[in-house]
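Let me begin by presenting the structure, written as structure tokens, before commenting on it.
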Amino acid sequence: MNLTAALLPIALILTLAGCTPATDAKRASDEADSSSVASYLFVQNAQGVESGAGTLTLKLVSPTTIYFTDRPVRTAGHSSTTDFLRLWGQGDDSFDADPPNATLSMIGGEREIEDVVVTLSNPRFEGPDLIYDIRTVEGTLPKTGGAAALFIDPVVVRRPVLGRAVIR
């Protein structure tokens, strides 16, 4: 009898502990389902940059564009830069309809690391380079620069996969 009395509280604790994750998982699943859209931010890396006459060229741009979100969805990954450009004009609130701002952070080149804020439009490939038409918002864009990262403002995208996403 003492053994049964001693095991009963342990069995109760294990039963309750086993139920809690299922409840939490259901709650997390419900939250993810109720949030059918996410605000994606993007990062494009290049081995160098050139600018002039209202354009920004990402020299030898990475073939992948990094994306990430914050609450409530919290996801991160990468897609091909080609897929990213295919999404550019999709949807009512697309980058084509409302051009994004972006911060270009460069290493080396004409001067030390400097961030420049630009508005991006009309992306296109020219061989391994990605060219944007730009309008400078803040800072001075050098004619050339070394390795660079372009941090692009968010766009709202329907889940689940960026490569197959529909922009709202």
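Bear in mind these aren't lab numbers, they're just calculated from the coordinates by the rules spelled out. Everything numeric in this text was worked out from a predicted model, so none of it was measured. Because the Cβ atoms are built from the backbone with ideal geometry, glycine has one as well, and the counts that use them run over all protein chains shown.
Charges were assigned to the Cβ only: +1 to each Lys and Arg, -1 to each Asp and Glu. The resulting dipole of region 35-139 about its Cα centre is roughly 300 debye.
Would you please classify the overall shape of region 37-164 from the alpha carbon gyration tensor, given that a ≥ b ≥ c denote the square roots of the eigenvalues, rounded means a/c under 1.5, and beyond that prolate means a/b larger than b/c while oblate covers the rest? Prolate is the answer for region 37-164, as a/c is 1.5 or above and a/b outweighs b/c. Taken one residue at a time, the phi angles of region 76-84 give Karplus couplings (6.51, -1.76, 1.60, θ = phi - 60°) of 8, x, 8, 9, 5, 5, 4, 4, 4 Hz. Gly and Pro are set to x.
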